[in-house]
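Taking it in order: structure first as structure tokens, then the write-up.
All of the numbers you see were taken from the coordinates with simple rules; none came from a lab. All figures in this text were calculated on a predicted structure; none of them were measured in a lab. When we count neighbours, we look across all protein chains shown, and the Cβ atoms used for this are built from the backbone with ideal geometry, even at glycine.
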Amino acid sequence: MGDVLKPLIKEIHLFDSYVAGTSHLTDKSVLDEIRVGDKLTLIREDNKFDSNAILLYAPSGKKIGYVPEKDNVIFARLMDAGKHLSAVITKIEKKGSFTKIAVSIFLVDI
């Protein structure tokens, strides 16, 4: 009973999705830089079109797109409550001029 539990930092897999808005990027060079396994940063955005908008940034700090609007409500609520989320690229498919980026989204539990 004298054991002290130490908090562990772990990532809890929440959901698999994709990156929305890649065809609207002003700097498309990021699409050639990213790789499967890259960890993405999620940042809430004040957006007049979507009150739950969450931006996704590559390790280089460049914007790669958004969490899709159909998937972002719960993640936005978690982030607004102070929870930290991250994402990892799981698949990249080039289809002509379009790049589909699959991601897994995680809750970082401390």
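Based on other C-beta atoms within 10 Å, arrange Thr41, Thr22 from fewest to most. Could you put the intermediate results ahead of the total?
Numbers: Thr41 16, Thr22 19.
If I rank by nearby Cβ atoms, fewest first, I get Thr41, Thr22.
Can you give the helix-only mean residue ellipticity at 222 nm for the chain, where every DSSP H stretch with n ≥ 4 adds -39500 (n - 2.57) and the sum goes over all residues, rounded to the nearest 500 deg cm²/dmol? Can you show the working numbers first?
Working: 2 runs with 13 residues, N = 110.
Using -39500 (n - 2.57) per qualifying helix, the result is -3000 deg cm²/dmol.
Running a GNM on the chain with Cα contacts under 10 Å, which residue among Ser29, Ser97, Ser86 ends up with the highest mean-square fluctuation?
Comparing Ser29, Ser97, Ser86 in a Gaussian network model of the chain, the most mobile one is Ser97.
Select from Ile92, Val19, Thr41 the residue farthest towards the positive end of the dipole of the chain; place +1 on Cβ of Lys and Arg, -1 on Cβ of Asp and Glu, and compute about the Cα centre.
Of the options given, the answer is Ile92.
May I ask which residue of Ala53, Ala102, Met79 lies farthest towards the positive end of the charge dipole of region 12-109, with charges of +1 (Lys, Arg) and -1 (Asp, Glu) on Cβ and the Cα centre as origin?
Ala102
Given that just one value was derived from the coordinates, which of (i) 38; (ii) 33; (iii) 44 is percent of Cα pairs over 22 Å apart?
Read-out from the structure maps to (ii).
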